[in-house]
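Colleague: One structure, pasted below without further comment.
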Amino acid sequence: MLSCGCWIHGEEKSGGKRYPLTDPATAEVFGQGVDADAKLVDEAVESAREGFNGWRMLPVARRAELLHALARRICREVEEMADLLRQEVGKPLKAARDEVLKTATHLDYFAEESRRQEGRIPLLGNPREQVLIVREPVGVVAAITPYNYPLSTLACKLAPALAVGCSVVAKPDEHTPLSTVRLARLASEEGFPPGVFNVITGFGPGAGRLLVNHPLPRLVTFTGSTETGKEILAVCSKYVRKAVMELGGNCPAIICADAPWRDILPQVVLQSLKNSGQYCYRIGRLYVAEEIADAFLGELTRHLGRLRMGPPGAEDTDLGPLNHQEALFKVRAQVAEALSQGARLEYRSDLPGSCARGFYHPVTVLSGVTPEMSIFHQEVFGPVLSVVSFKDVPEAIRSANSTSFGLAAYLFSGNLANALDWAGQIEAGSVWINRIHQAYQEAPFGGMKESGLGREKSRYGLEEYTELKTLYVSY
Ligand code: NAD
């Protein structure tokens, strides 16, 4: 049985109520987590307050050195860390290794980016006076993460926060505490001082709410659902506290008739079904030009038929289970409702025998989805694609914009000049044109509208963890 407690001031602490951890691939209990109580949460936040004082005073080069050391350690332990993700997330091993290595990349990137932070001195020309504009770390950061990418979503918060001199109390999702606590242990072993990186584990309405309602954190950085994000923002407003919100998505892809659609189909499939659809940037709504819609659907279902759904431990598995039973039931209910509202079922994969016991959802394609249907406006966190055909691109853009989300969008057109004009009209934090690829460390990442506030990655993501201070110096 695997188990973990909270990680506070460089030690693992138990306390709080124990709860079972369930294997997504088999629905069997494989371990135990701890729902931190108010005493543990308070201890963790106090530890972070104490840790902050020393950490912020270290030279930036020393903090960078420690972040690089942690990155190297993770790379050495990629198999062990990937196996934890396989177990607690249900993530196929190939994808789990990618996530671990991506985590190391975030640590390395922010270690270097923090060394490029600069202040400013405006040339005011006043005699015997200088105005210095400097950046300071905000203080204690509460970092709350979801179950789909426990390590890489955390790294987007932890790395910039630690790099600029903040201390962190992380709160992983209740289903996936093991990898986060393991990361904190590795950080301690690599020389991070006690109190700099703490972890409290447990449920959102338990440990999560206690952390957010604690008066001490100066910033809450959250990745999760829009609903929870709104609740957390309300608490932040009570304390006039900074917040970075990476929330839900329902991302459209628009495929014009003149796009080389047969070539791009594999990318579209990948971006729709990544992590079995448990991915905020996934394509949920596929807008396909009327002229090519039938041919596109035929080719799409042929591609989908080649994907292998199976146990996450098998090296050739493309798609694993959903993370937990409620997630599975929610996706099933969304599909059932769409069908009852008039959507057509174009494709549903057969589940192999190896998927009989876990939380697997078949790959599903719906067509005839309209704005009158609930599914059009919802994020579906599973392997379900809604296909919508369109007559002209401006109409598709209006429709794509007509949900409350604004995380990302994808546009494929044979005419780049048109595509650039259209991209300007799309309400989303990121738009990919004519190719879907990984987001880069150097580029900001985040959503508009109800998909989020603030940005992660890049120097903009680093600056979120700082406050500007102005020093008026007379001499
Ligand atoms: P969720 O909001 O239910 O949970 C996310 C985290 O918040 C968990 O750690 C949970 O324990 C905690 N939590 C829940 N209620 C809380 C509360 N009242 N106070 C404090 N903490 C609380 O989200 P989920 O459904 O588990 O995760 C999937 C969601 O995450 C999707 O909507 C997805 O789009 C989003 N997501 C967004 C991004 C992004 O970059 N925008 C990335 C990954 C996931």
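The values are calculated or read from the model by the stated rules, or taken from the named source; none is laboratory data. What you are looking at is a predicted structure, and each value in this text was computed from that prediction instead of being measured. Positions of Cβ are generated from backbone atoms using ideal geometry, with glycine treated the same way; all protein chains shown enter the neighbour counts. Ligands, DNA and RNA are stripped out before the accessible areas are found, and what is left, the full protein with its side chains, is counted by its heavy atoms. Shrake-Rupley method; radii C 1.70, N 1.55, O 1.52, S 1.80 Å.
Colleague: Taking the convex hull of the alpha carbon atoms in region 97-204, what volume per residue do you get, in Å³?
Modeller: On the way: hull volume 13.8 nm³, N = 108.
It is 128 Å³ per residue.
Colleague: Would you kindly state how much longer the chain becomes between N418 and E467 on full extension, computed as 0.36 nm times their sequence separation minus their alpha carbon distance, in nm to one decimal? Intermediate values should be presented prior to the final figure.
Modeller: Numbers: separation 49, 0.36 × 49 = 17.64 nm, distance 3.98 nm.
Fully extending the segment from N418 to E467 adds 13.7 nm.
Colleague: Would you grab the residues whose amide H sits under 5 Å from the one on C251? Only those 5+ places off in sequence or on another chain, please, with H modelled 1.01 Å from N.
Modeller: Under 5 Å from the amide H of C251: G284, R285.
Colleague: Arrange the peptides 411-419, 198-206 so that the one whose residues have, on average, the most other Cβ atoms within 10 Å appears first.
Modeller: Numbers: 411-419: 16.6, 198-206: 23.6.
Going by the mean number of other Cβ atoms within 10 Å, highest first, we get 198-206, 411-419.
Colleague: For region 321-442, what does the accessible surface come to per residue with a 1.4 Å probe? Please give it in Å².
Modeller: Spelled out: the 1.4 Å probe surface of region 321-442, per residue, equals 44 Å².
Colleague: Something else: Summing Lys, Arg as +1 and Asp, Glu as -1, what charge do residues with Cβ under 13 Å from the Cβ of V393 carry, V393 excluded?
Modeller: With Lys, Arg at +1 and Asp, Glu at -1, the neighbours total -4.
Colleague: Same structure, new question: So if we plug the beta-carbon distance of A314 and V240 into 1/(1 + (r/R0)^6) with R0 = 56 Å, what FRET efficiency do we get, rounded to 0.05?
Modeller: 0.65
Colleague: Okay, next question. Carbon-plus-sulfur fraction of the accessible area of the chain, 1.4 Å probe, in percent? Don't skip to the answer; put the middle values down first.
Modeller: Working: 10100 of 19200 Å².
The computed percentage sits at 53.
Colleague: Mind checking the dipole of region 93-219: about its Cα centre, +1 per Lys or Arg Cβ, -1 per Asp or Glu Cβ, Debye to the nearest 20?
Modeller: 140 debye
Colleague: When ligands, DNA and RNA are left out and all protein chains stay put, how many square angstrom of accessible area per residue does region 175-275 have with a 1.4 Å probe? Numbers along the way, then the final one.
Modeller: Working: 3350 Å² over 101 residues.
Per-residue value: 33 Å².
Colleague: List the lysines whose Cα lies under 16 Å from the Cα of K230, skipping any in the same chain that are fewer than 8 positions away.
Modeller: K238, K242, K449
Colleague: If you don't mind, another one. For region 64-141, report the accessible area per residue in Å² (1.4 Å probe, heavy atoms, rounded to an integer).
Modeller: Computed with neighbouring chains in place, this is 47 Å² per residue.
Colleague: Dipole of the chain (Lys/Arg Cβ +1, Asp/Glu Cβ -1, origin at the Cα centre): which of L101, W55, L286 lies farthest to the positive side?
Modeller: Value: W55.
Colleague: Hey, another quick one. Considering all projection directions equally, how large on average is the shadow of the alpha-carbon convex hull of the chain, in square nanometres?
Modeller: Result: 23.7 nm².
Colleague: So how exposed is W7, as accessible area in Å² (1.4 Å probe, rounded to 10)?
Modeller: Answer for W7: close to 10 Å² accessible.
Colleague: Residues of region 445-475 with amide nitrogen under 12 Å from the 7 Å Cα-to-Cβ point of R116?
Modeller: 458-462
Colleague: Taking R0 as 41 Å, what FRET efficiency do you get between K230 and K391 from their Cβ-Cβ distance, rounded to the nearest 0.05?
Modeller: Result of the calculation: an efficiency of 0.70.
Colleague: Would you list, by chain and number, the lysines whose Cα falls below 17 Å from the Cα of K94, excluding same-chain residues fewer than 8 positions away?
Modeller: K102, K274
Colleague: Note down the magnitude of the dipole of the chain about its Cα centre, charges +1 on Lys and Arg C-beta and -1 on Asp and Glu C-beta and zero elsewhere, to the nearest 20 debye. Provide the component values of the computation, followed by the final result.
Modeller: Details: 51 positive and 56 negative charges, 166 e Å.
The calculated dipole for the chain is roughly 800 debye.
Colleague: Taking all protein chains together and a probe of 1.4 Å, list R120, R18, R218 from the most accessible to the least accessible.
Modeller: From most exposed to least exposed: R120, R18, R218.
Colleague: In the chain, what % of DSSP beta bridges are antiparallel (nearest 5)?
Modeller: Of those bridges, close to 40 percent are antiparallel.
Colleague: Diagonalise the Cα gyration tensor of region 337-412 and give the resulting equivalent ellipsoid semi-axes, square root of 5 times each eigenvalue, largest first, whole Å.
Modeller: On the way: eigenvalues 142, 38, 29 Å².
Equivalent-ellipsoid dimensions as semi-axes: 27, 14, 12 Å.
Colleague: Same structure again: Could you rank S179, S3 by how accessible they are, 1.4 Å probe, largest area first?
Modeller: Ranking S179, S3 by accessible area, largest first, yields S3, S179.
Colleague: Rounded to the nearest whole Å³, what is the per residue volume of the convex hull around the Cα atoms of region 180-299? Mind dumping the intermediate values first?
Modeller: Numbers: hull volume 20.4 nm³, N = 120.
Output value, Cα hull per residue: 170 Å³.
Colleague: Sticking with this one: Sorted by mean Cβ packing within 10 Å, highest first, what order do the peptides 273-283, 94-104, 76-86 take?
Modeller: Ranked by mean Cβ neighbours within 10 Å, highest first: 273-283, 94-104, 76-86.
Colleague: Moving on to the next point. Run the reach check for K17 against lysines, Cα to Cα strictly under 17 Å, same-chain hits fewer than 8 apart removed. What comes back?
Modeller: Partners found: K39, K171.
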